[in-house]
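Reviewing the structure listed below.
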Amino acid sequence: MNDGSRTRRLTSRLATQSAARGRGAARRRVRVSQDQGGAASQFTTRSKLAWLSAASTRIGTTLDLRRTAQELAEFVVPQLADAVAVDLLEVVLRGEEGDRRAEGAKLATRRAMAVKAVDALTNLEPDPVGEIIVRDEKHRDTLLTTVCLAQRKPVLVSRMTDRDFSRVASTDSAADKMRRGNVHSYMAVPLIARGLLLGSADFVRAGSSPPFTATDLALAEQLASKAAVFIDNARLYGREREHVISLQRSLLPRAAPHTPGLAVHTSYAPAADARGVGGDWYDLMALPGGRTALVVGDVMGHGVSAAATMGRLRTVARTLMMLDTAPDRVLARLDLATRDLEDDQVATCLCAVYDLADSTYTLASAGHPRPLLVDGDGKPTYVDVPTGAPLGAGVIPYDPLRIRVSPGSRLICYTDGLIKTRDDDPDTQFGRLLETVAQMPPQRLDDGSLLTALPGSDRRFDEAVLLTAASDAETPVRLSVWDLPPDGTAASIARRHVTDQLDQWDLAALADVAELIVSELVGNALRYGQGPGRLRLLQGERLMIEVSDTGPDLPQIQHADVSDEGGRGLQLINMLCRRWGSCRTSTGKIVWAEQDIPR
């Protein structure tokens, strides 16, 4: 082989190697450009599938509409777009169905839910998150987002012209900032799930990122389809939660009655999770003689069935309390009522009756958390009420506790959702509650701030009821008590006590009617109750006359014929008094009657 042929062969080999090195360098430059370009990088078929698959794990991690929309925005940037905005129809946020009509969303009210952008586009002016989207009337129908929603079809603008900015941005200022941010490509995709239009997602690219292509639009449609299902699931979940909460609230008292001598404040906090809503309740009733009944209960379980059971138990408890039944007897009756329910439910309950005359509480508990008593100096202690079995367990009777409270003290009743956490034991929870109450002023205890003051209250997984009853020392109350002899002289002695006392109280105008009432009450005690025991005269907002005896039978109005000599005493009391009634005690019963005091 001569030297010329060797030279030609060597030159050819060097040229081939140089070309190969050039192609390799070019491939490396393209790869580096793609890695650094964010939204400019091009998806391969395999990477598209992997990216869409990842959406199922990174979007819809919670059943919260706002969080799901934000997760969609964060997933898109910067892999698919340099900036994205997610808007939802206002009806969707209320839990209602989106629009099924082809042209229904054209003028529908929308709310901005999520915005995400790369650092270079943070100066853009999107619609404020959480606010209603307001469009200028002259551009309303020509905005590309409106067209996308009205036609339920995606919109693609690969190369934006100067006119396109006013069709994308909601204001002239926003359009100007898009121009200065070098935004050059736009697409909008409707969010549709199960045939319902939920909202839309807007995408833009700017700077060195390549324009959107039909392939990018198809990819965005597939992503929007996945995200729309998660958003609709969150909508359905939120609607179920609102329905249960609405049922729960409708079964609770709508207004607190006037309770003399006691300022009662109530609060209800639903759980963040719909599965934590259902069975907590409270009730408040003004009883005769200036007394007040307080009830707090918790049905085990959650959901609509627990709420329905709660409503039935509250009705039974309220009826028994209005009949002036003692708290321990109320719980015994509630236990029987709970066992009669078909759902085999179990509930806890705390009943308390406050007597204004002697500033005492009579409490009984059926497996309920101990109430807190805060004295006038702000020092809290737990009230050791004997804890009976929960309602429905079939273990009765229940033991009552009677305590006297000082003026300005507060009784705090609650359900376990106030303190319950997934990590701490009950002793830690009760200790934390005691420490928190000790640091709170009376005003914050009354306004329900305790519901949010405890650690972890923002992550409450069970609903909570809070009832605070503050005793008021300024309420004027007069009380006189006399023991009556168990013989025929009791009526005259009782009349004398009543007239003398009313004269001292400057209520002599009520004496004539009061004499008739006390004569009938004492006469019934002598005839049917084995003699009267004690006469009590209480003057608060009304005048209350009470006569106790040891008889077991409660009095009832009888029908008396014209020829009957008796049987009209209670009819007379019923006509002369505002109201009258009777209640059982541990030693017999009390019959009472109320008179209005003229102003």
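Grab every C-alpha pair in the stretch 460-599, bin the distances at 10 angstrom width from 0 up to the longest one, and report whole percents.
For the stretch 460-599, the binned pair fractions read 11, 38, 30, 12, 6, 3, 0 percent.
How large is the helix-only mean residue ellipticity at 222 nm for the chain, computed as the sum of -39500 (n - 2.57) over DSSP H runs with n ≥ 4, divided by its residue count, in deg cm²/dmol to the nearest 500?
On the way: 17 runs with 225 residues, N = 599.
That calculation yields -12000 deg cm²/dmol at 222 nm.
Please report Rg over Rh for the chain, where both radii come from the alpha carbon positions and Rh follows the Kirkwood definition. Walk me through the numbers before you get to the answer.
On the way: Rg = 38.0 Å, Rh = 30.4 Å.
Result: Rg/Rh = 1.25.
Going out from 0 in 10 Å bins, what whole percent of all Cα-Cα distances in the stretch 297-397 drops into each bin?
15, 44, 29, 10, 1
Could you give each residue of the stretch 420-428 its phi-based ³J(HN,Hα) in whole Hz, using Karplus coefficients 6.51, -1.76, 1.60 with θ = phi - 60°, and x for Gly or Pro?
Ordered by residue, 3J(HN,Hα) equals 5, 10, 7, 10, 9, 7, x, 4, 5 Hz.
In bins 5 Å wide, starting from 0, what share of all Cα pairs of the stretch 367-432 does each bin hold, as a percent?
With a bin width of 5 Å, the distribution comes to 4, 14, 20, 21, 19, 14, 6, 2, 0.
In whole percent, how big is the carbon plus sulfur part of the accessible area of the chain, probe 1.4 Å, protein atoms only?
On the way: 14430 of 29270 Å².
That share works out to 49 percent.
Give the span of the stretch 169-321's Cα atoms along each principal axis, as three whole-Å numbers ordered largest to smallest.
For the stretch 169-321, the Cα spread along each principal axis is 82, 34, 20 Å.
Please state the relative contact order of the chain as a whole percent: Cα pairs under 8 Å, 6+ residues apart? Working shown, then result.
Values: 1161 pairs, mean separation 54.3, N = 599.
Here the relative contact order equals 9 percent.
Evaluate the Debye formula for the stretch 318-357 with equal point scatterers sitting on the alpha carbons, no solvent, and hand back log10 of I(q)/I(0) at q = 0.14, 0.21, 0.24, 0.29 Å⁻¹, in q order, two decimals.
Log10 I(q)/I(0), no solvent term: -0.35, -0.69, -0.84, -1.06.
For the stretch 383-495, what is the convex hull volume of its Cα atoms per residue in Å³?
Expressed per residue, the convex hull around the Cα atoms of the stretch 383-495 is 188 Å³.
Can you give the FRET efficiency to the nearest 0.05 for A54 and A218, using r as the Cβ-Cβ distance and R₀ = 30 Å?
On the way: r = 18 Å, r/R0 = 0.58.
E(calc), rounded to 0.05, equals 0.95.
Using the Karplus curve 6.51 cos²θ - 1.76 cosθ + 1.60 with θ = phi - 60°, what ³J(HN,Hα) values do you get for each residue of the stretch 223-230, in whole Hz, with x for Gly and Pro?
5, 5, 4, 5, 5, 4, 5, 5
Quick check: net charge around D425, other residues with Cβ under 14 Å of its Cβ, Lys/Arg +1 and Asp/Glu -1?
Values: positive: K420, R422, R432; negative: D416, D423, D424, D427.
It works out to a net charge of -1.
Tell me, what are the semi-axes, in whole angstrom and largest first, of the equivalent ellipsoid of the stretch 120-210 as set by the roots of 5 times the Cα gyration tensor eigenvalues?
On the way: eigenvalues 91, 48, 34 Å².
With the √(5λ) rule applied to the stretch 120-210, the semi-axes are 21, 15, 13 Å.
Mean 1/r over all different Cα pairs, inverted: what Kirkwood radius does the stretch 322-469 give, in Å?
16.3 Å is the Kirkwood radius here.
Within the chain, how many Lys pairs sit with Cα atoms under 28 Å apart, leaving out pairs fewer than 8 places apart on the same chain?
Pairs that pass both the separation and distance tests number 17.
With +1 on each Lys and Arg Cβ and -1 on each Asp and Glu Cβ, and nothing else charged, work out how big the dipole of the stretch 400-549 is about its Cα centre, in Debye to the nearest 20. Intermediate values should be presented prior to the final figure.
Working: 16 positive and 24 negative charges, 36 e Å.
The dipole of the stretch 400-549 has a size of about 180 debye.
The values are calculated or read from the model by the stated rules, or taken from the named source; none is laboratory data. Computed from a predicted model, the values in this text were never measured in an experiment. Neighbour counts run over all protein chains shown; Cβ positions are idealised from the backbone, glycine included. In case anyone asks, the SASA skips ligands and DNA or RNA and just uses the protein heavy atoms, side chains included. Shrake-Rupley method; radii C 1.70, N 1.55, O 1.52, S 1.80 Å.
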